[in-house]
1. Send over a whole-number figure in Å² for the accessible area per residue of segment 174-289, probe 1.4 Å.
2. So which trypsin sites (Lys or Arg not before Pro) in segment 146-220 are both in a DSSP loop and have at most 15 other Cβ atoms within 10 Å of their Cβ?
3. Among residues other than Gln162 whose Cβ falls under 10 Å from its Cβ, what is the net charge (Lys/Arg +1, Asp/Glu -1)?
4. When DSSP beta bridges are limited to those with both residues in the chain, what percentage is antiparallel, rounded to the nearest 5?
5. Using a probe of 1.4 angstrom, how much of the accessible area of the chain is carbon and sulfur, in percent?
6. What residue among Arg150, Arg72, Arg223 has the largest mean-square fluctuation in a Gaussian network model of the chain, using Cα springs under 10 Å?
7. Report the net charge of residues surrounding Ser257, where surrounding means a beta-carbon distance below 12 angstrom and charges are Lys +1, Arg +1, Asp -1, Glu -1.
8. Which whole-number percent gives the relative contact order of the chain, counting Cα pairs below 8 Å spaced six or more residues apart?
Amino acid sequence: MMARAGRRSRGAILTISMIRAVTTAIRARSMTEAALLLGISQSAVTQYVNKFELITGLKIIRRVGNGLFVEREDIAEIMDKITELSDQMDRLVQAQSSKPTLAVPYSIAALIGMRPELVQWGSTKYNMETMAYRELARQSGQNSFDIVVRPLRVRETDFEHQFTCLFQLLQPTTWSDGSTKQAPLPVILPDTACPTHSAAIDFLQSRRIDFSEVARSEDVGQRANYVKAGSCATILPVGLIRHHPDFAEAKAVETISPPISVRFTIVTPARSAERSNPMAFLDEFCSKLQDFGVASDA
């Protein structure tokens with residue numbers, strides 16, 4: 001039976017912003033994560049979802065604990081296709097630009113955002129978009145972007161253009177409850193599909209550290225805020241820990257692991273050969289970020 005949200009709102013129309021918000025919430029299974037992915041507030045995502053349900057008269061999402069349950073998979077699939085078509089149109093417009101399109105993970109975007117000259121380099125030379133790991137992996141097999149930068153799993157070896165980025169686990173020196181130690185150690189990590197998540201888990205288990213994974217987020221800024229607030233331990237890029245004033249000049253956090261190396265690759269579809277030289281991009285990229293724990297494998 002079709003789940004109903006109530007009487008339809010006559011005269012109102014659906015917008016792509018509503019559809020994108022609902023689709024992102026469904027993909028992330030979380031209003032909070034959807035807000036981070038869209039770069040808007042959680043309340044804005046909730047409003048879009050409520051408007052969608054009011055206009056259509058359909059109840060498509062139901063909250064279950066801290067997650068979301070999809071009431072109508074058939075409608076969710078249609079909306080996912082609409083969102084993807086909209087994204088493709090956006091990228092077609094970007095393709096008319098002389099600048100190559102570039103997709104990067106949150107960790108790399110955070111490092112680029114560390115210094116104004118890096119931000120200018122990224123915005124001047126590329127149409128850059130930040131994505132979660134699952135989306136980056138999906139885009140690697142498509143022709144939507146000229147360049148896709150994504151982390152590699154341990155068993156993924158057949159990639160020509162690779163570099164490493166160092167990460168480190170850190171925790172608050174004093175927790176929000178005033179204590180100096182938590183057992184089990186509460187941690188917030190990226191999505192389970194992300195290789196950085198596996199790297200963190202491998203270290204914690206190898207050192208037999210009793211831990212509890214209390215949340216997941218690929219947004220580096222959100223994870224950093226949790227650590228600064230004394231709520232959780234997490235894994236962050238070494239470059240962020242060493243150079244960001246909230247960490248480099250503060251005694252509120254301490255590292256609990258040595259630098260952990262995570263491999264990344266640069267994927268360029270065949271159609272992008274004239275717009276992007278992967279080796280030239282790799283050299284320039286690693287040169288600009290060498291002070292932030294990034295190094296080419298070449």
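The values are calculated or read from the model by the stated rules, or taken from the named source; none is laboratory data. Source: prediction; values computed, not measured. Note: ideal-geometry Cβ built from the backbone for every residue, glycine included; neighbour counts use all protein chains shown. Keep in mind that these areas ignore ligands, DNA and RNA; they rest on the heavy atoms of the full protein, side chains included. Shrake-Rupley method; radii C 1.70, N 1.55, O 1.52, S 1.80 Å.
1. Working: 5470 Å² over 116 residues.
Each residue of segment 174-289 exposes 47 Å² on average to a 1.4 Å probe.
2. On the way: sites: Arg153, Arg155, Lys181, Arg207, Arg208, Arg216; in loops: Arg153, Arg155, Lys181, Arg207, Arg208.
Answer in residue order: Arg153, Arg155, Lys181, Arg207, Arg208.
3. Numbers: positive: Arg263; negative: Glu156, Glu160, Asp297.
So the surrounding residues net to -2.
4. Values: 25 of 39 bridges.
About 65 percent, rounded to the nearest 5.
5. Numbers: 7500 of 15040 Å².
About 50 percent, which is the carbon plus sulfur part of the accessible surface.
6. Arg72
7. -1
8. Working: 501 pairs, mean separation 58.4, N = 298.
Dividing the mean separation by the residue count of the chain yields 20 percent.
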